[in-house]
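So the structure is just underneath, and the comments pick up after that.
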Amino acid sequence: MGGNAASGRPEVGTRVVTVRADEPALDKTFDYLAPSDVRVGDVVRIDLHGRRLGGWVVDVDVEPPAGVDLKPLAKVSGWGPSRDLVDLADWAAWRWAGQPPHFLRTATAASVVRGLPPAARPASAQGVEDALAADALRAGRAVLRLPPSADLFPLALQAARLGPTLVVCSSHAQERHLAARLRRAGLVVAAHPRDWAQARAGAHVVIGARAAAWAPCPDLAAVVVLDEHEEVHQEEASPTWHARDVAVERAARAGVPCVLTSPCPSLEALAWGALVSPSRADERAGWPVVDVVDRRREDPLRSDLYSEKLVDLVRSGRRLVCVLNRKGRAALLVCAACSDLARCETCQSAVAMGESTLVCRRCATTRPVVCQSCGSGKLKQRRLGVSRAREDLERLGRVPVGEVTGDSDDLPDTNVLVGTEAVLRRVDRADAVAFLDLDAELLAPRYRAGEEAMALVARAARLVGGKAGGGRVLLQTRQPKHEVVQAALLADPSRVSAVERERRAILRLPPAAAVAHVSGAPAAAYVEPLLGRIDVEVLGPAADGSYLVRAADVRTLCDALDATPRPGGRLRVAVDPARL
DNA sequence: CGGACAAGCTGA
DNA sequence: CAGCTTGTCCGG
């Protein structure tokens, strides 16, 4: 069993392979004897130290380590990622201070793939050539700034003319819509992860949301990332990898063109590639009419949340979506039986729901989940801002108004809807969108607040369409001169990037520097050796015990993190944190 | 990670 | 010194 292990030479019909176990805590790889038809990327099972583990072959025909008695693989399960993705997983582990298994899992089919379907035959080019898309693809590394209502299909089609193309979408709705149109154009389209085997075998277009950055795509010829500015492209959990950056690296390694699209490109994208955009006239036409209401000029006797222009829109009978982000993220708890507000017994402050008790936000006193007034144990979250606005708009507009919550399945059947920014993801069409309090976004205490606000306005703009279709966006603000308001008004997103770029340079925040947020109990122990380095700066600890590690650029930061040992325990390292 | 084994603590 | 906990090492 296991061949001539003592001499370190495999038997005929076997080879020595290196396996990465599917166990993130194991940072070593191990060598095994394998059948000679095993390929890099194959999913295998191994016996390791009395355990049976899954894993991936990451190298074949390696020099067996001296003095080790090699064991055979326990099982070869099936197809896995190709060698380029196995290598990309190692790069991503460095780039986001994670472990390769995280990425290899994302790059692997959900269930075992024993065989592959036939590969797609080369596609026949058809359709009208899109000049702007062709420009972007020719540029190699391009940021294609298209207005919100622009059709992204011509770009995908144009890219697919070059050969197998990877398309990373910002939503499943966008993915389904585009996939259907590409199929109608006669292309073999594999949706990731559902059609993993077809993608692995060879398709004309491999398409999906964030995880599709890790989809197989043999003979990759072009990479396209749609709405690269959208925060959904970044994984929230650690490692906080970004599909845009993975796609960019993948295209660079393959030596193929990469196009990032966005109505309002991120500073990261603009720092990376050449900006390609339509004529000013075309870009303006693709943005809706924007109305700015200066809340400072509104009649102070009525609530300045409901301007005359807004009430007119509510009464207009058109389909209107109102966005109101609750101020202070804390939702209030209200008794389901008697509607009394749940307060702290000690300090009368509003309480929040803890693990199994109510916790005071101010003094941290805990008490059981029971209403003080009526003794009911049923409390509900009340998002005061939105519920109140719904009632007010209904009264002022004298029309029914529906409230959209993040989790409820069906949309209210009313022409006018109110919700937090989540409403912009739930609704796919409207005549007008009104931001009741844009300042809540503009002034949010997050370093990307400006870009995030611009992204919301762009999302609203997509909902209502361009100027030709009569689309309208209403912005109520006390800062009408703010660059986000001006950018929307003039359909010129570069106004935001210009201001933001300078601000980030002054504050030394990305992309002017590279940062990682380190939190969790072992954070102090982890950053300790980093304090002695001259190429990184450690800020903190913050009130929650977390640290910020900063370096001049990504390479310096990631090299430093890579060289730092991980103490045990629940440590979170977020490289390029979306929020600080 | 999780098993193996070694070093340290306790109780009789 | 058995019997148990805690720590460190290592796996092919």
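Values in this text are rule-based calculations from the coordinates and carry no lab data. Not measured: the values here are computed from a predicted model. Quick reminder, even Gly has a Cβ in these numbers, built from the backbone with ideal geometry, and neighbours come from all protein chains shown.
Of note:
- Within the range A:445-487, tally of residues that are surrounded by fewer than 19 Cβ atoms within 10 Å (Cβ to Cβ) and assigned to a loop (DSSP other than H, G, I, E, B): 7
- Number of the exception - residue A:490 against (1) closer than 30 Å to residue A:559 by Cβ; (2) surrounded by fewer than 24 Cβ atoms within 10 Å (Cβ to Cβ): (1)
- Residue in the range A:78-100 that is part of a loop (DSSP other than H, G, I, E, B), within 16 Å of DNA strand B (Cβ to nearest atom) and either free of Cβ contacts under 8 Å to residues at least 40 places away in the same chain or loosely packed, with under 15 Cβ neighbours inside 10 Å (or both) present: no
- Residues being within 13 Å of DNA strand B (Cβ to nearest atom) and either among the charged types (D, E, K, R) or surrounded by 19 or more Cβ atoms within 10 Å (Cβ to Cβ) (or both) - total across the range A:27-51: 6
- Considering the range A:24-45, the residues that are without any contact (Cβ under 8 Å) to a residue 40 or more places away in the chain and within 7 Å of DNA strand C (Cβ to nearest atom) include one that is nearest to the chain's Cα centre (by Cα), namely A:26.
- Index of the failed condition, residue A:48 passing every other in (1) within 16 Å of DNA strand C (Cβ to nearest atom); (2) in contact (Cβ under 8 Å) with a residue 60 or more places away in the chain: (2)
- Given (1) within 16 Å of DNA strand C (Cβ to nearest atom); (2) free of Cβ contacts under 8 Å to residues at least 60 places away in the same chain; (3) assigned to a helix (DSSP H, G or I); (4) of a type outside the set (Val, Ile, Thr), number of the condition residue A:134 does not satisfy: (1)
- Residue count for the range A:51-72 satisfying the condition of being in contact (Cβ under 8 Å) with a residue 12 or more places away in the chain, part of a loop (DSSP other than H, G, I, E, B) and within 11 Å of DNA strand C (Cβ to nearest atom): 9.
- Residues in the range A:554-578 that are in a loop (DSSP other than H, G, I, E, B) and exposed (fewer than 14 other Cβ atoms within 10 Å of the Cβ) were compared, and the one that is nearest to DNA strand C (Cβ to nearest atom) is A:568.
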